[in-house]
Amino acid sequence: MAGFKIALPIQTYQVKNKSVSDQKLLNMYVEKMPVDSKSQLSLYSTEGCKPLLDVSSDPIYGIYYMNPYLYVISGVNVYKIASDMTKTNIGNVGATNGVVRMADNGTQILVVKPNGDAYIITENSVSKIDDEDFPVVSDVAFNSQYFIVTEKDTGKFHWSALLDGTQWSALAYATQESNPDNVVGLMENKGDLWIFGDKTIEIWSPTGNPDLPFQRIGSGILNIGCKSAKTISKDRNGIYWLGNDLQVHFANGYNEQRISTHDIERELAEDYDINDVLESYAFTYTHNGHDFYVLTIPNHKTWVFDMTTQVWHERKTTGLETWLPSGCASAFNLNIVGGSDNGMLYCLDGNYFFDKENLYIEREVKFPPVFLQDNRMVFDKLYADVEVAPVKNSYGQARIMLNWSDDGGNLWSNEHWQSMGKIGEYRKRVIWRCLGQSRQRIYKMRITDPVQVSISGLYVEGDERYA
């Protein structure tokens, strides 16, 4: 009787021909192990959304930390949140109906709404920018003591008075120089100003000249545009965005690279409504040494790129098509996210096993196809090395489901559930027996119990038949 190890999936990669690849990581992510480990990879469960504060009954469209408060836009209202989670309603920004863009200068937050209106939030007030020279805008950034905004459906960007987002001049603007495309978004990165057009990107740098505070870097042109300003985000590694070519891009310094897969690009181009793609939004956060870029296509899917391992996985909240958070802010030593379908604030917690209160997180792993050339395999036994982390509240036995497909992921077998052991039973070899035969097979595992779980190996024992 022969035995062999089935490769753990390192990412979500599902192609049209599922017999080639139907890998999936849903609410699980991969971590590389040291070279002398038993397994080179392990799969870990993602964090839950732990309820932190009930802000209101309306979805959260913006969340932003400006020391010492967290500012939240829930529905039309703006709330100031202190470190002890006390909230104060400080004003409103009117009907929003979509994720906003925000930047601050230390005392003011400039908010750009999807309809092009803009507001200034201070510690105790909210006011609309009513300067007659202020344009209809699409995005905002802060650089070198100026707020900078993009003028909607033009190639222009404007800058404010020094350290004052309420004062604007009709002469304080510039235009993208290299191409006649419309400016879509902005991002400050390492002191430079990145100007995202719908066809190209220009990189400008501060000049110190109050009459023209920014100028284009000579070679600072990328022949890639941006599809949605709300997908532009950055972390310590660099800038991420969804390009006009429906590829996800990353830039470290001035060097751009494509980070999306053909699978993601096909879905964006063929499976999703273009209006949902245009409303896509993203944010970044760090957890346990992993830097995540979270990209959500409303009504469809949430993709997450792990910069640490350079691979993608999926997130999803039970009852929604996407993952719950609409945005994230690092505040009070927490990663705080806002609910996209309610007015709750949550903190991302690796020891909390629900999205929302008592809403379980479904975790799914689809493994790469198992085949031995074109020979038939008899699967006598399959076993998985799993670990269920101890938690303060015991839920008794944790279970894991296995089923499989012999036709490339179109039809699936009945579900076969097994115990992963009691909570606190640190390592468990879960075994399934008498699994039939096939020339090619895809295995799938699913976990719905509220536990922290890791999977470090999947093994098969059986025979190879040459008929």
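The values are calculated or read from the model by the stated rules, or taken from the named source; none is laboratory data. Keep in mind it's a predicted model, so treat the numbers as computed, not measured. Methodologically, a virtual Cβ is constructed for each residue, glycine included, from the backbone with ideal geometry; neighbour enumeration extends over all protein chains shown.
Criterion applied to Asp54, Asp36, Asp58 was being at pLDDT below 95 and farther than 30 Å from Asp263 by Cα, and the one residue passing it is Asp36.
Which one is nearest to Ile264 (Cα to Cα) among residues in the stretch 327-343 that are surrounded by fewer than 19 Cβ atoms within 10 Å (Cβ to Cβ) and hydrophobic (A, V, I, L, M, F, W, C)? This residue is Leu334. Looking only at residues that are assigned to a loop (DSSP other than H, G, I, E, B) and either in contact with a Gly (Cβ under 7 Å, 6 or more places away or on another chain) or of a type in the set (A, V, I, L, M, F, W, C) (or both) in the stretch 295-316, which one is farthest from Leu268 (Cα to Cα)? Step by step, filter the stretch 295-316, then rank; the result is Thr308. Restricting attention to the stretch 135-189, the residues that are in contact with a Lys or Arg (Cβ under 6 Å, 6 or more places away or on another chain) and among the hydroxyl-bearing types (Ser, Thr, Tyr) add up to 3.
Taking (1) surrounded by 16 or more Cβ atoms within 10 Å (Cβ to Cβ); (2) closer than 26 Å to Thr107 by Cα; (3) among the β-branched types (Val, Ile, Thr) in turn, Val183 satisfies each apart from (2).
Within the stretch 309-326, can you find the residues that are surrounded by fewer than 20 Cβ atoms within 10 Å (Cβ to Cβ) and either within 17 Å of Val99 (Cα to Cα) or free of Cβ contacts under 8 Å to residues at least 40 places away in the same chain (or both)? Listed by number, the residues that qualify are Leu320, Glu321. Within the stretch 248-280, the set of residues being among the polar types (S, T, N, Q) and buried (at least 19 other Cβ atoms within 10 Å of the Cβ) comprises Ser260, Thr261, Ser280. Looking across the stretch 210-237, the residues that are small (Gly, Ala, Ser) and either assigned to a strand (DSSP E or B) or surrounded by fewer than 20 Cβ atoms within 10 Å (Cβ to Cβ) (or both) come down to Gly218, Ser219, Gly220, Ser233.
Against the list (1) crowded, with 21+ Cβ neighbours inside 10 Å; (2) in contact with a Ser or Thr (Cβ under 9 Å, 6 or more places away or on another chain); (3) modelled with pLDDT of 95 or more; (4) not in a loop (DSSP other than H, G, I, E, B), the condition Tyr346 fails is (2).
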